[in-house]
Every structure is written in C-alpha cells, then in structure tokens.
Amino acid sequence: MIVSASVRTDIPAFYGEWFRNRFRAGYCLVANPFSGQYSRVSLRHGVDGFVFWTRNPGPFLPVLAEVKAAGFPFLIQYTVTGYPQEIETSVIEAERSIALIRQLAELYGRRAVVWRYDPILLSDLTPPDWHIRNFARLAAELEGAVDEVVVSFVQNYRKTARNLAARGRKFSFSWRDPDPEEKTKALARLTDLAAARGMRLSICSQPELPGEPARCIDARRLSDLAGHPVPARTKGTRPGCLCAESRDIGAYESCPHGCAYCYAVNSRAAAKARLRAHDPLAEALILPPEGISPMQEGGGSLL
C-alpha cells in the first residue's frame, strides 16, 4: 500500500508533528470526506512507500529523515509556481523552494523530488508570456535537481471558481480558461524548455491535451528509490489519472496557504482556525468538535 500525505492539505508544511506522532504509533484515523466515517490506516505494516505533497517541506525535513531511517521509500510532489502574492497568499518565496528542492535532491537523490508547475493560471497578473518567462527561470534554477515537472491548467471546480472570483474582486484581476489550441501551443513551449534543462514534462489528469500523462502516485519512481519493485495497480481518481492505488490521510478545509485557485478549501479563515485547534497528539488530523464515537469509526483495520 502507498500512503499519500496529502492531496487534501499540506501535511509537511503544517502538520509534520502530527504525522511524526502517527508514524511512530504506526497508524492514523482518516475521515471519509463524503460520509464523515473514520477508518484506520496503517503507517507501518503493509506500507510500501509514501508520497508527500507540499509547498514547503522545510519544517518536515527531520520527519523525512526518520521515515528514511525506518526503511520506507518516499517521493515529494513539490509545487513551485512563483505566482504573485495576490494569487498565492502565504506560500514561501520561489527562491527558498528552489534551495529546499536542491537540498532534498542532495539528501535523497533527484528521483525523490518531482517539481509541480501546477496549476497554470492565465490571468491579468499571469498572462501567457509571463508563464513562459517564469517557467524558463524556474527550470533553469532547478536544472540537475529534478528530472520531471508536472503541469496542468486550472480547472473550473466549484471551490476553485468561487475562490478565484473572490480574489479577483479583491485585487482587481480576472482569469480565463484558454481554448485547447492555446493550451497545446503553451505545452509545446514548456515541454521544450523543460527538455533543455533535462526534465520530462508530464500532464496531470487532462487527457484531452497532447503530451505524456503524469503518474503522481508513481510506483515506478518509488521502486527506483526503494531498490526493489513496489507493488501497486493503477487506480486513477479522475479521467486521465494514471496514479497507483493509494490511501490519502489528509483532510479538506485544513490548508491555510490561501492559494486563489484552491479546490480543497472553502475558507482560508476556517482553515486557519482548524490549524489552531489541531491536536498533534490526536489519532486523526482533524477531529470533529464532539470527538469520534465508536459508530463513526469503522471501515476495518488496515494494520
């Protein structure tokens, strides 16, 4: 089993102490985002590897060392876009992220980190030419540290549309979803820029676009890092997704980064409140105010 931590929130940036406590305990409880029912997920027995998703792994570096020392392979999906603060409210600066990626590559090898230039947002603040210049600059600074960059274009999810509309009103900008021809031309430019820096460009879950599809939960990459095959079947979560089957241990509505295009948070203020109320000693990342009753916890043990 591969554990994903997490597409629902930034565990390395904000919840590293909780993960370390649960990793030492060997399990955590995870709420089903639809039913609210909690199930038990192993973090030791039967785990073949971890995929961490983050905008800032700096606070998590000691935890990664512990995971490595315990013999578990991991890869880090690291998003670095360099967008203006009007779009990404509290993300660390791109230069700091580049330094962290290089540090991770030195510690664990370039196969351990995947750069995500994701999502691509076309707006008054980030027009097409801006993206070409920005991507070229980031790719140049990351040359030799990563071998893959994952991209996608912003999708019009309900939360994404609401968050972008609110941010656009606040900072007087608009955004648009480019037509397929414009996306195809942009991808060709980005693919060439990436290749010139020794990187393969892949596209996350947008099968209508030409190019290599991404495998973000990548059993092949984990196998390389482990030095032995990591067994996993492909089980995508949406059309075009080639990810290996995994268990995600995060919780929606808990990431306070404040990215305007976020699909996982309705309210940054509410996410910040959840972070303040978070108990790093709890079995679950985010507990309901009344706690977890025996009827809520179910789904069997994966230990």
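A few notes on this one:
- Positions within the stretch 208-231 being touching a Ser or Thr at 6+ places or on another chain (Cβ under 8 Å), over 18 Å from residue 150 (Cα atoms) and crowded, with 16+ Cβ neighbours inside 10 Å, in sequence order: 230
Rundown of residues vs (1) in a loop (DSSP other than H, G, I, E, B); (2) without any contact (Cβ under 8 Å) to a residue 60 or more places away in the chain, yes/no style:
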{"site": "183", "(1), (2)": "no, yes"}
{"site": "187", "(1), (2)": "no, yes"}
{"site": "206", "(1), (2)": "yes, yes"}
{"site": "265", "(1), (2)": "yes, no"}
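- Filtered residue count, the stretch 16-27, keeping only those that are surrounded by 24 or more Cβ atoms within 10 Å (Cβ to Cβ) and out of contact with any helix residue (DSSP H, G or I) (no Cβ under 8 Å at 6 or more places or on another chain): 1
- All positions within the stretch 70-87 that are of a type outside the set (S, T, N, Q), under 15 Å from the mean Cα position of the chain (by Cα) and either surrounded by fewer than 19 Cβ atoms within 10 Å (Cβ to Cβ) or not in a loop (DSSP other than H, G, I, E, B) (or both): 74, 75, 76, 78
- Residue count for the stretch 100-111, restricted to those that are exposed (fewer than 15 other Cβ atoms within 10 Å of the Cβ) and of a type in the set (Gly, Ala, Ser): 1
- So residue 116, is it under 22 Å from residue 222 (Cβ atoms), of a type in the set (D, E, K, R) and assigned to a strand (DSSP E or B): yes
- Residue 274 of a type outside the set (Ser, Thr, Tyr) and either assigned to a helix (DSSP H, G or I) or touching a strand residue (DSSP E or B) at 6+ places or on another chain (Cβ under 8 Å) (or both): yes
- Among the numbered conditions (1) under 27 Å from residue 280 (Cα atoms); (2) touching a residue at least 40 places away in the same chain (Cβ under 8 Å); (3) of a type in the set (Asp, Glu), the only one that residue 118 does not meet is (1).
- Selection count, the stretch 84-114, where residues are more than 18 Å from residue 261 (Cα to Cα) and in contact (Cβ under 8 Å) with a residue 60 or more places away in the chain: 5
- Those residues of the stretch 28-45 which are more than 19 Å from residue 71 (Cα to Cα), surrounded by fewer than 21 Cβ atoms within 10 Å (Cβ to Cβ) and either under 18 Å from the mean Cα position of the chain (by Cα) or in contact (Cβ under 8 Å) with a residue 40 or more places away in the chain (or both), in sequence order: 29, 32, 33, 36, 37, 39, 40
- Look at (1) within 22 Å of residue 238 (Cα to Cα); (2) β-branched (Val, Ile, Thr); (3) without any contact (Cβ under 8 Å) to a residue 40 or more places away in the chain and you find that residue 151 fails only one, number (3).
- Filter pass, residue 33 being modelled with pLDDT under 95 and outside any strand (DSSP E or B): yes
The values are calculated or read from the model by the stated rules, or taken from the named source; none is laboratory data. The shown structure was predicted, so the numbers you read here are calculated from the model rather than taken from an experiment. All Cβ positions, even for glycine, are placed from backbone atoms using ideal geometry, and neighbour counts span all protein chains on display.
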